[in-house]
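Student: The structure that follows is given in the form of structure tokens.
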Amino acid sequence: MMKIVRSFLKSIRCFLGLTPMRKIFKKLKSQGVKLKSLNGLEIFGHTGEYHPRDYFPLIASLEVWEINSLCENTIRKNLPGAKIKITDSFKEIKTISGKFNLIVVDNPISTFDIYCEHFDLFPAIFSLTRDSTIFILNVIPKVTDKILKSYPYLFNKTQLEWRALFYCTQHPEKIDLNVLAAYHEKRCADNGFVVEWYFF
Ligand SMILES: C[S@@+](CC[C@H](N)C(=O)[O-])C[C@H]1O[C@@H](n2cnc3c(N)ncnc32)[C@H](O)[C@@H]1O
């Protein structure tokens, strides 16, 4: 019963444009992006229940990758018509090129399996893009004590080591958003792309 109520309330928030993804897509539209021209990829799909469901109706097409095969049927229900691949995204990414002009990276937020956040997607992720592509990326500039209470595994020693390497910093626990964006701008430039604009 609670799940139905939550889902209903989320549909209302979505309809009113109040979910995070609806807010992002409103901003994309105001940047002149034609949403119906977007062929999207959700690299970490889960059941498609949270973010993808919000923006799926707004774009031309969506492909969803997810490693957990138990999610497949629910993705199909949540995102009818989306192309679904049950796969390891870190491996899948090396097999495809030039396909998407919207790439959403909603990664697990700490260390998992042999990975950490989205770090190992780079630089292979650039081969998925068209000439002009929008990236929507989960980044964590810092964590507060309140957040740590809810997610005590966040910023464990291994995650901090990965972050120090990826962002070339001695303070991986606290990175200013603009500094963080500068790292990504450099990473794009190193791979032949220019960041035209970004927002948080
Ligand atoms: C934060 S959730 C994604 C939530 C989803 N974007 C949404 O809004 O509904 C992260 C997902 O990544 C999946 N995942 C973890 N490792 C993966 C991998 N190597 N390849 C593909 N998916 C993976 C997990 O099973 C989990 O469902």
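The values are calculated or read from the model by the stated rules, or taken from the named source; none is laboratory data. As the structure is a prediction and not an experimental result, all values here were calculated from the model. Cβ placement follows ideal geometry from the backbone for every residue including glycine, while neighbour counts extend to all protein chains displayed. Quick note on the areas: whole protein, heavy atoms, side chains included, nothing else; ligands and nucleic acids left out. Shrake-Rupley method; radii C 1.70, N 1.55, O 1.52, S 1.80 Å.
Student: Any idea how many residues of the stretch 51-65 are open to solvent by 20 Å² or more (accessible area, probe 1.4 Å) and touching a Gly at 6+ places or on another chain (Cβ under 9 Å)? Full working, then the answer.
Tutor: Pass one, the stretch 51-65, residues open to solvent by 20 Å² or more (accessible area, probe 1.4 Å): 51, 53, 56-58, 60-61.
Narrowing the set further to residues that are touching a Gly at 6+ places or on another chain (Cβ under 9 Å) leaves 56, 60-61.
Summing the residues that are open to solvent by 20 Å² or more (accessible area, probe 1.4 Å) and touching a Gly at 6+ places or on another chain (Cβ under 9 Å) in the stretch 51-65 gives 3.
Student: Has the stretch 28-50 got any residue that is open to solvent by 70 Å² or more (accessible area, probe 1.4 Å), at pLDDT 95 or above, within 15 Å of the ligand (Cβ to nearest atom) and on the phi < 0 side of the Ramachandran plot?
Tutor: No, the stretch 28-50 contains no residue that is open to solvent by 70 Å² or more (accessible area, probe 1.4 Å), at pLDDT 95 or above, within 15 Å of the ligand (Cβ to nearest atom) and on the phi < 0 side of the Ramachandran plot.
Student: Same structure again: Out of all the residues in the stretch 66-76, is one or more open to solvent by less than 10 Å² (accessible area, probe 1.4 Å) and among the acidic types (Asp, Glu)?
Tutor: No, because not a single residue in the stretch 66-76 is open to solvent by less than 10 Å² (accessible area, probe 1.4 Å) and among the acidic types (Asp, Glu).
Student: Every residue in the stretch 181-190 that is open to solvent by 60 Å² or more (accessible area, probe 1.4 Å) and in contact (Cβ under 8 Å) with a residue 60 or more places away in the chain, please.
Tutor: Asp190
Student: Any residue that is open to solvent by less than 60 Å² (accessible area, probe 1.4 Å), under 20 Å from Ile43 (Cα atoms) and touching a Lys or Arg at 6+ places or on another chain (Cβ under 8 Å) - is there at least one of those in the stretch 138-153?
Tutor: No.
Student: For the stretch 96-107, give me the residue count where each residue is closer than 18 Å to Tyr167 by Cβ and either open to solvent by 50 Å² or more (accessible area, probe 1.4 Å) or of a type in the set (Ser, Thr, Tyr) (or both).
Tutor: Start the filter on the stretch 96-107 by keeping residues that are closer than 18 Å to Tyr167 by Cβ, which leaves 105, 107.
Add one more test, that the residue is either open to solvent by 50 Å² or more (accessible area, probe 1.4 Å) or of a type in the set (Ser, Thr, Tyr) (or both), and what stays is none.
Qualifying residue count for the region: 0.
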